[in-house]
There are 4 protein chains.
Amino acid sequence: MSSYEEPILDVAHLGHIELLTPKIEESVDFFKNVMGMEVVHQKKQSMYLRACRDYESYSLKLTESKEPGLGHMAMRTYSSKTLERRALAIEESGFGIGWSDGDFGHGKSYQFTDPDGHTMELYYETEKYNPPPHLVPALKNQPQKCTSRGVCVKQLDHINLFASDVDQNSQFMRKTLGCKLSEQIILDIGKQGGAWLHLTNKAYEIAYTLDSTGAKGRLHHITYNVDSREAVLQAADVFLENGVFIEFPPSKHAIQQTYAMYVYEPGGTRIEICHGGYSITAPDWEPITWTEAERAKGQAWGNKTVPTFHTYGTPNII
Amino acid sequence: MSSYEEPILDVAHLGHIELLTPKIEESVDFFKNVMGMEVVHQKKQSMYLRACRDYESYSLKLTESKEPGLGHMAMRTYSSKTLERRALAIEESGFGIGWSDGDFGHGKSYQFTDPDGHTMELYYETEKYNPPPHLVPALKNQPQKCTSRGVCVKQLDHINLFASDVDQNSQFMRKTLGCKLSEQIILDIGKQGGAWLHLTNKAYEIAYTLDSTGAKGRLHHITYNVDSREAVLQAADVFLENGVFIEFPPSKHAIQQTYAMYVYEPGGTRIEICHGGYSITAPDWEPITWTEAERAKGQAWGNKTVPTFHTYGTPNII
Amino acid sequence: MSSYEEPILDVAHLGHIELLTPKIEESVDFFKNVMGMEVVHQKKQSMYLRACRDYESYSLKLTESKEPGLGHMAMRTYSSKTLERRALAIEESGFGIGWSDGDFGHGKSYQFTDPDGHTMELYYETEKYNPPPHLVPALKNQPQKCTSRGVCVKQLDHINLFASDVDQNSQFMRKTLGCKLSEQIILDIGKQGGAWLHLTNKAYEIAYTLDSTGAKGRLHHITYNVDSREAVLQAADVFLENGVFIEFPPSKHAIQQTYAMYVYEPGGTRIEICHGGYSITAPDWEPITWTEAERAKGQAWGNKTVPTFHTYGTPNII
Amino acid sequence: MSSYEEPILDVAHLGHIELLTPKIEESVDFFKNVMGMEVVHQKKQSMYLRACRDYESYSLKLTESKEPGLGHMAMRTYSSKTLERRALAIEESGFGIGWSDGDFGHGKSYQFTDPDGHTMELYYETEKYNPPPHLVPALKNQPQKCTSRGVCVKQLDHINLFASDVDQNSQFMRKTLGCKLSEQIILDIGKQGGAWLHLTNKAYEIAYTLDSTGAKGRLHHITYNVDSREAVLQAADVFLENGVFIEFPPSKHAIQQTYAMYVYEPGGTRIEICHGGYSITAPDWEPITWTEAERAKGQAWGNKTVPTFHTYGTPNII
């Protein structure tokens, strides 16, 4: 029987991410001047930023904190009705926190955690971005003029969460939110070492990978995309010229085929710049499964994953 | 009220296109050796071809014919159940033709036309591509090894149909099939000059543009995509070196922001090579409307659209 | 007999260009913020700017003036001795002006004009660029940190001079300075319609094209290069977003194979952004000759040259 | 005093390279079908191949042999006169072998070795490539139609020779042939660990790096270039899909700034695909010196050089 017959199509897409940072000024400077994003709002210890192609008012909230880490991640539903429906389902799962009145840029949200403890929220009502005069785009099908500053990232692409138990969390996201599984690593012990989930046709927006330290609720990285592989290479030069630590220089992933690189922002969070990957339009997609032996071959072109990839997360307890 | 509340989510994506060609051998040679596609099947006067990232067995059927033109275009539904539901809706619209037993690579299909007379079909059962040994890909998340031959196109991207009445046809596709409108041209007389429709998150898979000759049922072009704007430029050199007529050299479209170029295949059909465009994830996307005055500014960087774009279609009755 | 036997190898390369502009502030803003160059010096009505890969202290001098136009162009010799030798040869040609004490960034220079009246100078002593702390590059084989601002041009590439008589001027540059001819257009009347000259292995640094208005001493354009064709496309978007007039969107030239686009800076001078072209290492290169019939085919991919290319120059007397 | 005053400008450029291979058929298949080169001639156990932008008839000679290794490398002089002059200088150095009648594609040559024992030759008379009808290019300023096959390399770029004593060899090339030094590694012991030499404005055509095994006369790699960094990435996919061993995936070098990747051809020789680097037009260029401490930082973006880079050469005696 096709798994399509009763799909949950209630959650539309990843909306924004809140990062905690112990160095708020340096972090804001990094995202604004090196990444090329715009600050759109400030509220208490939080700054709200956007990439030029994000259609909502922001995709990143930076909040001052003693330790770096994930504040929360937010997903937008298809409608108010589907928001209510998902809130109910989450509540039944036992992982619900409750309703919030919303935040800058979006209306009421239902807050919860995944089994690993990452804080999440669902919302529907949102403010689409309305650019100030100096950021009105030349083409009316774009939300904002590109900044042409630094890396000039285009859009929030995906989030990768570290998890102490990948199966449990990926199952939760599939059953409770309607995420679909595109690819996975199955370890020799039979458990997932990684799971790539999607809500749109893009093959992944939320990934879980195994935290080899056994910690719970940590963040692996968040990702902004650019328009070409050449732009990823240009980004590498921008990071080099600006003294940003490059943990993993540009290379092609075997899983998802994304062309990507990783750096640390000043607060300590790992940031990925990517281009590519693929779309899934088949309603009956069969998840791709990678074994440990296959993973041992390294990335697509044979380079090894950097060891810190399996241990460094935020909050950082290596 | 949000237009999302009662969406039709029955049709998944554009599947394949049948082109008629009076020069079947030259056309096959073009798609195989210049475009870099693979011939997967032959049946009577028809040849079936695929691009390396198409997940189904083929995306192009070339059929020998006295005149060039569109044989038919096919869309895959999400399930057998949604196929039945759409067939019923089309039948009620009065544009139904009836059920077919299917063709190479897919099961039974429901055939119909749009109001302009373009032949279409819906199907669900399909054969996913199973590559022969010499085409097994290095990465298991790809359907086929890339050919590295000529333009080396990656995937069927979209189709553009000429129509004598764009409003009537785009309305039919929206109401009967559940296509969503991403962008449109509204002429000074208040009617659509063009309409860009999508089924997936990609902002267009089916476009209608006004046939200024007043003809009905003609094809404007079909499009295969490549992985970068650089690859579109490389394609231009491949076409130049192979003596293919370039009607419109690479430039950036204002509408949809696609980077694209256009050539004629030997049978006479206009073929586009493209990269880019954008995704729509907002469930409450407001269609972008372009006026005649805005269109008069030309493409994104100011170059004018070639005049034949408004008159040349297949069958070709300039 | 090889034409190499007695080559003149006294002039090393194009050094800098002085542009006149009636809108000095807007012009400086354009070159700094849109082109991504750095202002390194100011003297009276002149501003000195550089691109990040120029090894000398500057490549562009902007001087306030009532009319736009070419102030002068300067070439660096291989040595003081070859500077003296060329000065003598120019003096003998009758086009010499005389010695100058030099200017910001370079030592004494010999000034002269070509037969059409374009002011030129030769110099040897120069100040290599010594970046201030915030512009020290990450890699020691680069003269400056890239600015990652706007188009972020890399290097002065070439100059194109309009001439009332191309043959006379290209002959002067070959005989008196040792420029070599890589490509030319020979009109049906037997005279040169264009001549592309080089001093280094790059196939052109100085081009002459026929001014169809019959004017003398005008400038067609100056050119800065970027690192990829993708970067030329990115430049087009930067110009679009910044309201810069695009006269000729990105396309590939048949002559020289350069991928290029053209805009007007605020003062009125045509500016080209380019990537590519080829190198000539053969000591016995035979110049490529294009006929009018061949030129009628348009640029490499068939697009026509914009008509203003044959008439618009600075000072602008269309 | 400027070092320019008495330069040796007798040798024009690197011409071709002869590689020995124990697997001639597989090697020819690799260079033809994976690299996209053309076979232009066959003579006894040797095959002659070319890349589409090489202006001479060939740039690679493959000769069947029991062991892989460098047959010889050849450089073209500016004229017959400068060929005689260099032959004399080499003879005086004690490393001369003697005159040869020439080979397919070029006239008489003077053969010699460098101090490490790599066989070299100088020649002037050459056959420029005259393409057969199916390889006539669309643009007359190109020597050949591009093949659009596999990696589709464009031109022989440079050669890297392993040496037991880098100083001795780089001095020989500078004093006897007129090569100029652009960059070098100076080890803590005060000796060169690497030396990059050039004849044209391109910053290196011949490099020497230290063979940490102490062997003499080995080849590190030869390099063909492509037109963009994107094309290097495309090459990586072609190699992956064709089962070619990738020793070093695409990354940016700190030295010379080249974007490059390395594979082994079937006979065992390391082959580099590259794009980029820079040009030197300054007549008074000061060589860039890298210390061991600077080299310890890895490549430009921090990735480490693969260990086999210091030990694997052909003939291969790890």
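If neighbour count is taken as other Cβ atoms inside 10 Å, put A:His275, D:His41 in order from fewest to most. It would help to have the intermediate numbers written out before the result.
Numbers: A:His275 23, D:His41 15.
Placing the least packed residue first, the sequence is D:His41, A:His275.
Tell me, what is a quarter of the convex hull surface for the C-alpha atoms of segment B:35-172, in nm² with one decimal?
Numbers: hull surface 39.6 nm².
Computing the convex hull of the Cα atoms and averaging its projections yields 9.9 nm².
Using a Gaussian network model of chain B with C-alpha springs under 10 Å, which one of B:Asp29, B:Asp157, B:Asp103 is most mobile by mean-square fluctuation?
B:Asp103
Ranked by Cβ crowding within 10 angstrom, fewest neighbours first, how are D:Leu161, B:Leu177, A:Leu139, B:Leu88 ordered? Numbers along the way, then the final one.
Values: D:Leu161 28, B:Leu177 23, A:Leu139 19, B:Leu88 12.
Ordered from fewest to most neighbouring Cβ atoms within 10 Å, D:Leu161, B:Leu177, A:Leu139, B:Leu88 come out as B:Leu88, A:Leu139, B:Leu177, D:Leu161.
Amide H neighbours of C:Lys154 under 5 Å, counting only residues 5+ apart in sequence or on other chains, H built in-plane at 1.01 Å?
Long-range HN contacts for C:Lys154: C:Asn225, C:Val226.
Kindly state, to the nearest 0.05, the FRET efficiency for B:Glu92 paired with A:Gln168, given R0 = 51 Å and r defined as their beta-carbon distance.
0.65
For the protein assembly as shown, how big is the tail of P(r) above 58 Å, as a whole percent of Cα pairs? Mind showing how you got there, number by number?
Working: 135452 of 808356 pairs.
For the protein assembly as shown, the share of Cα pairs beyond 58 Å comes to 17 percent.
Which residue, B:Gln45, B:Gln155, B:Gln111, tops the fluctuation ranking in a GNM of chain B built on C-alpha contacts under 10 Å?
B:Gln45
Among A:Val238, A:Val244, which comes first, then next, by fewest other beta-carbon atoms within 10 Å?
Values: A:Val238 24, A:Val244 20.
Final ranking by Cβ density, sparse to dense: A:Val244, A:Val238.
What's the FRET efficiency of D:Thr305 with A:Glu292 using the Cβ-Cβ distance as r and R₀ = 25 Å, to the nearest 0.05? If you can, show how the numbers build up before the last one.
Working: r = 28 Å, r/R0 = 1.11.
The formula returns an efficiency of 0.35 here.
Please list 3J(HN,Hα) in residue order for segment A:72-78, calculated via the Karplus relation 6.51 cos²θ - 1.76 cosθ + 1.60 where θ = phi - 60°; whole Hz, with x for glycine and proline.
Listing the rounded values in order: 6, 10, 10, 10, 9, 8, 6 Hz.
Tell me, what ³J(HN,Hα) does each residue in segment C:173-188 have, in order and in whole Hz, if you take phi through Karplus 6.51 cos²θ - 1.76 cosθ + 1.60 with θ = phi - 60° and put x for Gly and Pro?
Result, ordered by residue: 5, 6, 6, 8, 10, x, 5, 10, 8, 9, 9, 8, 9, 10, 5, 4 Hz.
Please sort by residue number the chymotrypsin sites (Phe, Trp or Tyr not before Pro) in segment A:142-249 whose DSSP state is loop and whose Cβ has at most 15 other Cβ atoms within 10 Å.
Values: sites: A:Phe162, A:Phe172, A:Trp196, A:Tyr204, A:Tyr208, A:Tyr224, A:Phe239, A:Phe245; in loops: A:Tyr204, A:Phe245.
Sites meeting the loop and neighbour criteria: A:Phe245.
Going by the alpha-carbon gyration tensor, a ≥ b ≥ c the square roots of its eigenvalues, is segment A:104-202 rounded (a/c under 1.5) or, if a/c is not under 1.5, prolate (a/b greater than b/c) versus oblate?
On the way: a/c = 2.90, a/b = 1.90, b/c = 1.53.
Here segment A:104-202 falls in the prolate category.
Could you tell me which of the pairs A:Lys175/A:Lys202; B:Lys32/D:Lys66; A:Lys202/B:Lys191 are separated by over 30 angstrom between their Cα atoms in the structure shown? If you can, show how the numbers build up before the last one.
Details: A:Lys175/A:Lys202 19 Å; B:Lys32/D:Lys66 40 Å; A:Lys202/B:Lys191 34 Å.
Listed pairs above 30 Å: B:Lys32/D:Lys66; A:Lys202/B:Lys191.
Using a Cα-Cα cut-off of under 13 Å, which aspartates and glutamates could be cross-linked to C:Lys145, ignoring same-chain neighbours fewer than 8 residues away?
Result set, ordered by chain and number: A:Asp237, A:Glu241, C:Glu38, C:Asp54.
Taking +1 at the Cβ of each Lys and Arg and -1 at the Cβ of each Asp and Glu, which of A:Tyr123, A:Gly313, A:Asn242 sits farthest along the dipole of chain A towards its positive end, judged by Cα position relative to the Cα centre?
Of A:Tyr123, A:Gly313, A:Asn242, it is A:Asn242.
Any idea which of B:Gly193, B:Ile206, B:Ser182 is furthest toward the positive side of the dipole for segment B:177-223, if Lys and Arg beta-carbons carry +1 and Asp and Glu beta-carbons -1?
With unit charges placed on the Cβ atoms, the residue in question is B:Ile206.
Using θ = phi - 60° and the Karplus curve 6.51 cos²θ - 1.76 cosθ + 1.60, what whole-Hz ³J(HN,Hα) does each residue of segment C:51-67 get, with Gly and Pro shown as x?
9, 5, 9, 4, 7, 7, 5, 7, 10, 9, 10, 9, 10, 5, 7, 5, 10
Among bridges DSSP assigns within segment C:11-310, what percent are antiparallel (round to 5)? Please report the intermediate quantities before stating the final value.
Working: 57 of 79 bridges.
In segment C:11-310, DSSP labels about 70 percent of beta bridges as antiparallel.
Excluding residues on the same chain fewer than 8 positions from A:Lys44, give the aspartates and glutamates whose Cα lies under 19 Å from its Cα.
Cα-Cα hits under 19 Å: A:Glu18, A:Glu25, A:Glu26, A:Asp29, A:Glu64, A:Glu67, A:Asp101, A:Asp103.
Rounded to the nearest 500, what is the 222 nm mean residue ellipticity of chain B from helices alone, with -39500 (n - 2.57) per DSSP H run of 4+ residues and division by all residues?
Numbers: 5 runs with 44 residues, N = 318.
Helices in chain B give a 222 nm mean residue ellipticity of -4000 deg cm²/dmol.
Of all trypsin sites (Lys or Arg not before Pro) in segment B:1-104, which ones are in loop regions per DSSP and have a Cβ with at most 13 other Cβ atoms within 10 Å? All intermediate terms of the calculation are to be shown ahead of the outcome.
Working: sites: B:Lys23, B:Lys32, B:Lys43, B:Lys44, B:Arg50, B:Arg53, B:Lys61, B:Lys66, B:Arg76, B:Lys81, B:Arg85, B:Arg86; in loops: B:Lys23, B:Lys44, B:Arg53, B:Lys66.
Passing both the DSSP loop test and the Cβ count: B:Lys44, B:Lys66.
Find the centroid of the Cα atoms in segment D:101-139 and in segment B:283-318, then give the distance between the two in whole Å.
Comparing the Cα centres of segment D:101-139 and segment B:283-318, I get a distance of 53 Å.
Would you grab the residues whose amide H sits under 5 Å from the one on B:Trp301? Only those 5+ places off in sequence or on another chain, please, with H modelled 1.01 Å from N.
B:Lys252
For peptide A:74-87, how many partner chain Cβ atoms fall within 10 Å of a residue's Cβ, on average? Walk me through the numbers on the way to the answer.
Working: counts 0, 0, 4, 2, 8, 8, 3, 3, 3, 0, 0, 0, 0, 0.
That average works out to 2.
Which whole-number percent gives the relative contact order of chain C, counting Cα pairs below 8 Å spaced six or more residues apart? Before the final figure, lay out each step's value.
Details: 758 pairs, mean separation 56.8, N = 318.
Reported relative contact order: 18 percent.
Rounded to the nearest 20 Debye, what is the dipole magnitude of segment D:11-310 about its Cα centre when Lys and Arg each give +1 and Asp and Glu each give -1 at the C-beta? Walk me through the numbers on the way to the answer.
Details: 31 positive and 37 negative charges, 104 e Å.
The dipole magnitude comes to about 500 debye.
Report the one residue of D:Trp99, D:Ile24, D:Leu161 whose Cα lies farthest in the direction of the positive end of the charge dipole of chain D (charges on C-beta: Lys and Arg +1, Asp and Glu -1; origin at the Cα centre).
D:Ile24
Under 14 Å from a point 7 Å along the Cα-to-Cβ line of D:Trp99: which residues of segment D:119-138 have their amide N that close?
Of the residues in segment D:119-138, D:122-125 have backbone N under 14 Å from the label point off D:Trp99.
When chain D is treated as a GNM, springs tying every alpha-carbon pair under 10 Å, which of D:Ala282, D:Ala215, D:Ala235 comes out with the largest mean-square fluctuation?
Fluctuation is largest for D:Ala282.
In terms of the Cα gyration tensor, with a ≥ b ≥ c the square roots of its eigenvalues, is segment A:11-310 rounded because a/c is under 1.5, prolate because a/b exceeds b/c, or oblate? Before the final figure, lay out each step's value.
Numbers: a/c = 1.45, a/b = 1.08, b/c = 1.34.
It comes out rounded by the Cα gyration axes.
Please state the charge dipole magnitude for the protein assembly as shown, taken about the Cα centre, from unit charges on C-beta atoms (+1 on K and R, -1 on D and E), reported in debye and rounded to the nearest 20.
So the dipole magnitude of the protein assembly as shown works out to roughly 0 debye.
In the protein assembly as shown, what percentage of the DSSP-assigned beta bridges are antiparallel, given to the nearest 5? Present the calculation step by step, with values, prior to reporting the outcome.
Numbers: 234 of 322 bridges.
Around 75 percent antiparallel, to the nearest 5.
Read-outs throughout are calculated quantities, based only on the coordinates presented, and are distinct from any laboratory measurement. Treat the numbers as computed from the prediction; the structure is a model and nothing was measured. Using ideal geometry, Cβ is built from the backbone for each residue, glycine included, and neighbour counts are taken over all protein chains shown.
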